[in-house]
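The block underneath contains the structure these notes are about, expressed in structure tokens.
The values are calculated or read from the model by the stated rules, or taken from the named source; none is laboratory data. The shown structure was predicted, so the numbers you read here are calculated from the model rather than taken from an experiment. Cβ placement follows ideal geometry from the backbone for every residue including glycine, while neighbour counts extend to all protein chains displayed.
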Amino acid sequence: MVSIASSGRGGRSSAVAGIGVDARRRARRRTAVLAPLLVLALAASIVVATTIGSADLAVGDVLRGILSHLGLGANPLDPLRDGIVWGLRVPRVLTAAAVGAGLAIAGAVMQALTRNQLADPYLLGLSSGASLGAVTVILLGVAVALPAAAFGGALLALAATLGLAGALGAITPTRTVLAGVAVSSLAGAATSFAIFWSSEQDSYREILGWLLGSLAGARWSAVGIAGVAVLVIGIPLLLSGRILDAFSFGDTTAASLGIGVQRTRWLLLGATALLTGALVAVSGSIGFVGLVLPHAVRLVVGPGHRTLLPLSALVGATFLIWADTLARSVFAPRELPVGIVTALIGAPVFALLLARRRSEA
Amino acid sequence: MSADAGGSTGGSSATAERGMSAEAAGATSWDRSRDGGLRVADLTVRIGDRPVVDAATFSAPPGALTALVGPNGAGKSSLLRAVAGADRPAAGTMRLDGADLGALGRRERARRVAFVEQDAGTELPLSVEAVVGLGRTPYGALLGGPDRESADAVDAAIASAGIEHLRGREITRLSGGERQRVLLARALAQHPRLLLLDEPTNHLDIAAQLAALTLLRRLTGEGVTVLAALHDLGLAAAWADDVVVLHAGRVVAEGAPLATLTPELLVEVYRVRASWLSDPATGRPVLAASPLA
């Protein structure tokens, strides 16, 4: 082994390093404070959001009701209210949390893999493919579950994108993005054509809700799909931060650090696409979360992916819970597609963060 | 991972050795056919159908600084990338201290060979500490964070490259010379036995060039084998133990700098008329060159 002269590091070097270490320590301290706060905020959001809605319920009753389903204590709620809490609100809030976390992770990973700031989870044609699958089922009345059709459409689009990128040569970031644009456009055009050709009043609203993203239909099955996807795919992706940092220096450096570049990129792209496909299947394509949230978190904690990914997941989960709560309560009993709300709140918040960052620099 | 080697002793003794090797004109005690270091045989790298490195055979002695020289487009970068494991060669073998690099797993290889690319930038404003930490990628778990040993290795690499004062800075805000030192520290954190560098003095001012080369000399003093592509033949002659001359993908000469970079060879390879002078102050070789008439 090479021995690097380290005897000289001690008092002298740390005194010299004072300024730099301070800045670093400040960033670390910020992360150390933020992480537990965000976990608390998420937990509190899950509970509080379940109490909000047209049937007013006390926080304590909701808590005891949820605990009773977990086998703790008696349920203070009558069957109707229990049905609202445990059958509708809890699964909806949990789905929002899982989808928000998953989209934020998928967006951050996609931005790193493609080295493109404008990348989002739907970049590889996934949302267009899912939309086409869903719209086809809605319009033709085929006896296939909507999530299954959407997931199938997303996977077909992914296969088309990667196939096209592969046909151009090695899978490079630029080729992947370009192929995704081509597939998105085609699937989008096909979807528009299908709607234009055959849509009637009823299906029109259902389709539009789906295209803009909505959690209105989220039940426990949705919690299962999104939750399993986030646990099985999202958590391993959270741990890939160092690999993504290495990718930011380009393929040659990543390879010289012992990373199998092509294989790793395929794996991460595939995992991200599967995760996104599962999320799109339960919620439609909710914009903004995957594209802008990672940037917002990056502005606060810095670009290192080992911190960025988990914090983005926490912020994404909390953000989507509240966006969806607003979507279903502001114009109650009418619902807004949550995608409208995410953009309406998110864009100004992001603009503020950008402005603050600029005045700091 | 002991830290007992004297880091500061490299300078003067290495200079003396260099002077001797220049005079001895290749008659070194190192046996090219038998000993450690890097030995490359019949290495061919193709881009499409075109061989950019063509059956290259050469050696880089252990614990020595070998300069890879040659005109633009000679294949220096392609050769380094192949040795670093970034590109798969079409043919040939590469052995480091006797071990076949091609037969090693990626991570095992990255623990022995580190590569500092030319102008390897990132748009990501990572902290210097995080960048150096990437050098620990081949160690420990691929997923997840660094362990205690890695943190120590990062500290040592930062100290060795003399960049303690940059530790918390963003790499995107550093000068070219500072960034070069950070990337070198990242390579050191890999604990390589072979360090490859592509034009490590490119874009650096003269002081930063000499600082970079001084650091490389110190590493060779600690036993690291260094192979660096260099454009500046004067620097190569003054600082390297050995040169390997690449021309149109082929190794056309190798050996001690002054004995290898003869005026005849420089005419043939670079199409320049050149002669070696001696710096009256230090005795180091200086190249005077002019275009062929």
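The lone criterion from (1) surrounded by 24 or more Cβ atoms within 10 Å (Cβ to Cβ); (2) touching a Pro at 6+ places or on another chain (Cβ under 9 Å) left unmet by A:A98 is number (2). Counting only helices (runs of 4 or more DSSP H) wholly contained in region A:175-292, the ones carrying 1 or more residues that are touching a residue at least 60 places away in the same chain (Cβ under 8 Å), at negative phi and touching a Leu at 6+ places or on another chain (Cβ under 7 Å) occupy A:201-212, A:220-229, A:235-238, A:241-247, A:261-283. From the list B:L194, B:L166, which one is among the hydrophobic types (A, V, I, L, M, F, W, C), closer than 18 Å to A:L257 by Cα and crowded, with 22+ Cβ neighbours inside 10 Å? Of the residues listed, the single one that is among the hydrophobic types (A, V, I, L, M, F, W, C), closer than 18 Å to A:L257 by Cα and crowded, with 22+ Cβ neighbours inside 10 Å is B:L194.
Against the list (1) out of contact with any Asp or Glu (no Cβ under 8 Å at 6 or more places or on another chain); (2) crowded, with 17+ Cβ neighbours inside 10 Å; (3) assigned to a loop (DSSP other than H, G, I, E, B); (4) within 11 Å of chain A (Cβ to nearest Cβ), the condition B:P138 fails is (1).
Every residue, every condition in (1) touching a residue at least 60 places away in the same chain (Cβ under 8 Å); (2) at the interface with chain A (Cβ under 8 Å from one of its Cβ atoms); (3) touching a Lys or Arg at 6+ places or on another chain (Cβ under 8 Å); (4) in a helix (DSSP H, G or I), yes or no:
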{"position": "B:R111", "(1), (2), (3), (4)": "yes, yes, no, yes"}
{"position": "B:T172", "(1), (2), (3), (4)": "no, no, no, yes"}
{"position": "B:G177", "(1), (2), (3), (4)": "no, no, no, yes"}
{"position": "B:A187", "(1), (2), (3), (4)": "yes, no, no, yes"}
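Selection over region B:82-108 of residues that are facing chain A (nearest Cβ under 7 Å), free of Cβ contacts under 8 Å to residues at least 60 places away in the same chain and within 17 Å of B:V45 (Cβ to Cβ) gives a count of 2. Restricting attention to region B:38-75, the residues being within 14 Å of chain A (Cβ to nearest Cβ) and at pLDDT 90 or above number 3. Here A:A246 qualifies as within 30 Å of B:V116 (Cβ to Cβ), crowded, with 21+ Cβ neighbours inside 10 Å and small (G, A, S).
Taking region B:189-201 as the range and being of a type in the set (A, V, I, L, M) and outside any strand (DSSP E or B) as the test, only B:A189 passes. Residues being in contact with a helix residue (DSSP H, G or I) (Cβ under 8 Å, 6 or more places away or on another chain), small (G, A, S) and at pLDDT 90 or above are entirely absent from region A:297-307.
Quick check on this structure: which one of A:L320, A:L326 is surrounded by fewer than 21 Cβ atoms within 10 Å (Cβ to Cβ) and modelled with pLDDT of 90 or more? Let's see the steps before the verdict.
Numbers: A:L320 fails: surrounded by fewer than 21 Cβ atoms within 10 Å (Cβ to Cβ).
Step by step, each of A:L320, A:L326 is checked, and only A:L326 is surrounded by fewer than 21 Cβ atoms within 10 Å (Cβ to Cβ) and modelled with pLDDT of 90 or more.
Per the listing A:G258, A:G241, the residue uniquely within 16 Å of A:L311 (Cα to Cα) and either touching a Lys or Arg at 6+ places or on another chain (Cβ under 7 Å) or buried (at least 23 other Cβ atoms within 10 Å of the Cβ) (or both) is A:G241.
Just wondering, is there one or more residues in region A:267-276 that are in contact with a helix residue (DSSP H, G or I) (Cβ under 6 Å, 6 or more places away or on another chain), buried (at least 24 other Cβ atoms within 10 Å of the Cβ), among the hydrophobic types (A, V, I, L, M, F, W, C) and under 17 Å from A:A112 (Cα atoms)? For region A:267-276, residues in contact with a helix residue (DSSP H, G or I) (Cβ under 6 Å, 6 or more places away or on another chain), buried (at least 24 other Cβ atoms within 10 Å of the Cβ), among the hydrophobic types (A, V, I, L, M, F, W, C) and under 17 Å from A:A112 (Cα atoms): present. On the basis of being in contact with a His (Cβ under 9 Å, 6 or more places away or on another chain), at the interface with another protein chain (Cβ under 10 Å from one of its Cβ atoms) and of a type outside the set (V, I, T), does A:S256 make the cut? Spelling it out, it is not the case that A:S256 is in contact with a His (Cβ under 9 Å, 6 or more places away or on another chain), at the interface with another protein chain (Cβ under 10 Å from one of its Cβ atoms) and of a type outside the set (V, I, T). State yes or no: is B:G70 farther than 13 Å from A:G258 by Cα and crowded, with 19+ Cβ neighbours inside 10 Å? Yes: the conditions hold for B:G70.
Is it true that A:L208 is surrounded by fewer than 19 Cβ atoms within 10 Å (Cβ to Cβ) and either of a type in the set (A, V, I, L, M, F, W, C) or under 30 Å from A:P337 (Cα atoms) (or both)? In short, yes. Residues of region B:242-276 that are part of a strand (DSSP E or B) and among the small types (G, A, S): B:A253, B:G255, B:A274, B:S275. Scanning region A:293-323 for residues that are of a type outside the set (K, R), under 17 Å from B:S127 (Cβ atoms) and assigned to a helix (DSSP H, G or I) yields A:V297, A:L299, A:V300, A:V301, A:H305, A:T307, A:L308, A:L309, A:L311.
Can you find a residue in region B:122-133 that is surrounded by 17 or more Cβ atoms within 10 Å (Cβ to Cβ), within 13 Å of chain A (Cβ to nearest Cβ) and touching a residue at least 60 places away in the same chain (Cβ under 8 Å)? Before you say what the answer is, go through the steps one by one.
From region B:122-133, those surrounded by 17 or more Cβ atoms within 10 Å (Cβ to Cβ) are B:122, B:124, B:126-133; that's our starting set.
Subsequent filtering for residues that are within 13 Å of chain A (Cβ to nearest Cβ) retains B:122, B:124, B:126-133.
Among the residues that remain, those that are also touching a residue at least 60 places away in the same chain (Cβ under 8 Å) are: none.
Within region B:122-133, not a single residue is surrounded by 17 or more Cβ atoms within 10 Å (Cβ to Cβ), within 13 Å of chain A (Cβ to nearest Cβ) and touching a residue at least 60 places away in the same chain (Cβ under 8 Å).
Screening B:T201, B:T172 for residues that are crowded, with 21+ Cβ neighbours inside 10 Å and hydroxyl-bearing (S, T, Y) leaves exactly one candidate, B:T201.
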